[in-house]
1. Whole-Hz Karplus ³J(HN,Hα) for region 57-69, in order, using 6.51 cos²θ - 1.76 cosθ + 1.60 and θ = phi - 60°, x for Gly and Pro?
2. Just name one of 14, 61, 37: the one whose Cα is farthest towards the positive end of the charge dipole of the chain (beta-carbon charges, Lys/Arg +1, Asp/Glu -1).
3. At 0.36 nm per residue, minus the direct Cα-Cα distance, what do residue 41 and residue 11 gain on full extension? Give it in nm, one decimal, please.
4. Whole-Hz ³J(HN,Hα) for each residue in region 23-31, computed from phi via Karplus 6.51 cos²θ - 1.76 cosθ + 1.60 with θ = phi - 60°, x for glycine and proline: what do you get?
5. Could you list which residues have their amide H under 5 Å from that of residue 75, counting only those 5 or more apart in sequence or on another chain, with H placed in the peptide plane?
6. Using a simple charge model, +1 on the beta-carbon of Lys and Arg, -1 on the beta-carbon of Asp and Glu, nothing else, what dipole does the chain show about its Cα centre, in debye to the nearest 20?
7. Tell me, what is the per residue accessible area of the chain in Å², probe radius 1.4 Å?
8. Calculate the FRET efficiency for residue 52 and residue 26 from the Cβ-Cβ distance with a Förster distance of 35 Å, rounded to the nearest 0.05.
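The values are calculated or read from the model by the stated rules, or taken from the named source; none is laboratory data. Everything numeric in this text was worked out from a predicted model, so none of it was measured. Heads up, the Cβs are rebuilt from the backbone with ideal geometry, glycines too, and the neighbour counts pull from every protein chain shown. These accessible areas exclude ligands, DNA and RNA; they are computed on the full protein's heavy atoms, side chains included. Shrake-Rupley method; radii C 1.70, N 1.55, O 1.52, S 1.80 Å.
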Amino acid sequence: METTDTTGWETAVLDGGPADGVRMKVSGRPRVIQVTYPCQMEASSTGVRADAVYLYRRNYTVDGEPLWYGFDVASP
């Protein structure tokens, strides 16, 4: 695995979906990145929250930085 510094962190870019263009640092080249967004609750529910979940899958044809993760339209 190639990394750009001694810590092992690499730049990754998310493509498509609700987090399009977001840049981040990842370690270990994860296969999937999960992005969540909080949902608004209609009634006040103590201790209850709901999040929308989106998945981004790594494009293995990209071998150097920035790593590229594409939005999975079939994500839950």
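1. 9, 5, 8, 6, 7, 8, 9, x, 7, x, 5, 10, 10
2. Positive-most Cα among the choices belongs to 37.
3. Working: separation 30, 0.36 × 30 = 10.80 nm, distance 3.41 nm.
Between residue 41 and residue 11, full extension yields an extra 7.4 nm.
4. 10, 8, 9, 10, 10, x, 6, x, 6
5. Those lying under 5 Å, H to H, from residue 75 are 55.
6. Values: 7 positive and 10 negative charges, 37 e Å.
Rounded to the nearest 20 debye, it is 180 debye.
7. On the way: 5270 Å² over 76 residues.
For the chain, the per-residue accessible area is 69 Å².
8. Numbers: r = 21 Å, r/R0 = 0.61.
Working from the Cβ atoms, E equals 0.95.
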